[in-house]
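Reading through the structure tokens given below for one structure.
The values are calculated or read from the model by the stated rules, or taken from the named source; none is laboratory data. Predicted model, so just to flag it, every value in this text is computed and none were measured. Counting neighbours? That spans all protein chains shown, and the Cβs are built from the backbone with ideal geometry, glycine included.
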Amino acid sequence: MNTQQPAFDTVTEALSWLTEKGFTYNFNLDENCIRFNNNQQSMSPEEFTIEYVFRFEGETDPGDEDIVYGITSDVHNIKGVLTSAFGPYADSLSSEMIKKLSVH
């Protein structure tokens with residue numbers, strides 16, 4: 001993971017910065033993979049690397065909590081972003097995905 005990671009106040013700022021850095025794909029979280037290209041393709045946990053993690057915690061509304069991941073894949077030669085809310089969604093993930101995403 002990159003140690004020169006800036007801090008942002010909003011999810012939008014983090015997404016804009018990642019886009020400027022070439023993270024142009026939008027990834028969707030699935031039970032045991034990350035999907036992209038309108039969910040037509042997928043990557044298993046061993047096929048991607050998490051380069052950046054930005055955590056946003058809602059100060060007034062816990063529903064505002066979010067994590068933005070900057071993800072690269074040498075296997076698929078792509079860079080993109082995954083946004084993931086805390087909590088309820090974690091239950092439907094495989095142990096491999098939870099382990100991969102929580103390492104950071």
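Some observations on this one:
- Residues of segment 24-48 that turn out to be under 11 Å from the mean Cα position of the chain (by Cα), hydrophobic (A, V, I, L, M, F, W, C) and either part of a strand (DSSP E or B) or at positive phi (or both), as a count: 2
Yes/no matrix, rows are residues, columns are (1) out of contact with any Asp or Glu (no Cβ under 8 Å at 6 or more places or on another chain); (2) closer than 18 Å to residue 8 by Cα; (3) modelled with pLDDT of 80 or more; (4) exposed (fewer than 11 other Cβ atoms within 10 Å of the Cβ):
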site	(1), (2), (3), (4)
31	yes, no, yes, yes
34	yes, no, yes, no
38	yes, no, yes, yes
48	yes, no, yes, no
72	no, no, yes, no
76	no, no, yes, no
91	yes, no, no, yes
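- In segment 1-23, the residues that are surrounded by 15 or more Cβ atoms within 10 Å (Cβ to Cβ) and in a loop (DSSP other than H, G, I, E, B): 8, 23
- Close contacts from segment 64-84, counting a first residue that is free of Cβ contacts under 8 Å to residues at least 12 places away in the same chain and among the hydroxyl-bearing types (Ser, Thr, Tyr) and a second that is surrounded by fewer than 20 Cβ atoms within 10 Å (Cβ to Cβ) and in a strand (DSSP E or B), with Cβ to Cβ under 8 Å and a gap of 6+ residues or different chains, come to none at all.
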